[in-house]
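The values are calculated or read from the model by the stated rules, or taken from the named source; none is laboratory data. No experiment lies behind these values; they were computed from the predicted model shown. Here Cβ is always computed from backbone atoms with ideal geometry, including for glycine, and neighbour counts include all displayed protein chains. Ligands, DNA and RNA are stripped out before the accessible areas are found, and what is left, the full protein with its side chains, is counted by its heavy atoms. Shrake-Rupley method; radii C 1.70, N 1.55, O 1.52, S 1.80 Å.
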Amino acid sequence: PIFRHPTVDERSRINATGYVWAYGDRFYKLAHQYYGDVDFWWVIAWFNKKPTESHIKVGDVIRIPTSLGSALTAMGY
């Protein structure tokens with residue numbers, strides 16, 4: 001499948017919680033915490049346009065979509 005990044009308007013309509021990146025954080029850990037499934041780590045990465053953890057520094061704020069379904073729809077999944 002070909003995914004697209006949500007527009008600024010689409011992102012603003014998706015409920016998301018801010019999260020301050022800390023030492024030891026990983027996308028898969030956050031996916032387990034917020035979605036109960038490590039397999040959706042890529043949703044958080046894609047939503048924030050950060051393909052890997054190395055693209056984030058400690059202290060950076062990322063947004064985690066609270067509704068997995070809304071985020072997937074916005075990405076064209």
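Considering only segment 47-56, I want to know if a residue exists there that is closer than 15 Å to G76 by Cα and assigned to a helix (DSSP H, G or I). Scanning segment 47-56, I find at least one residue that is closer than 15 Å to G76 by Cα and assigned to a helix (DSSP H, G or I), so the answer is yes. In segment 57-77, what residues are assigned to a helix (DSSP H, G or I), open to solvent by 50 Å² or more (accessible area, probe 1.4 Å) and touching a residue at least 12 places away in the same chain (Cβ under 8 Å)? Of everything in segment 57-77, just one residue is assigned to a helix (DSSP H, G or I), open to solvent by 50 Å² or more (accessible area, probe 1.4 Å) and touching a residue at least 12 places away in the same chain (Cβ under 8 Å), namely S70. Residue pairs whose Cβ atoms lie under 8 Å apart, separated by 6 or more positions or on different chains, with the first residue in segment 36-47 and over 11 Å from P65 (Cα atoms) and open to solvent by 50 Å² or more (accessible area, probe 1.4 Å) and the second in a helix (DSSP H, G or I) and among the charged types (D, E, K, R), are V38/K29.
For segment 1-29, name all the residues that are among the aromatic types (F, W, Y) and open to solvent by 50 Å² or more (accessible area, probe 1.4 Å). Before you say what the answer is, go through the steps one by one.
Step one: filter segment 1-29 for residues among the aromatic types (F, W, Y), giving 3, 19, 21, 23, 27-28.
Selection gives F3, Y23, Y28.
Every condition in (1) free of Cβ contacts under 8 Å to residues at least 12 places away in the same chain; (2) touching a strand residue (DSSP E or B) at 6+ places or on another chain (Cβ under 6 Å); (3) of a type in the set (V, I, T) is met by V8 except one, and the failing one is (2).
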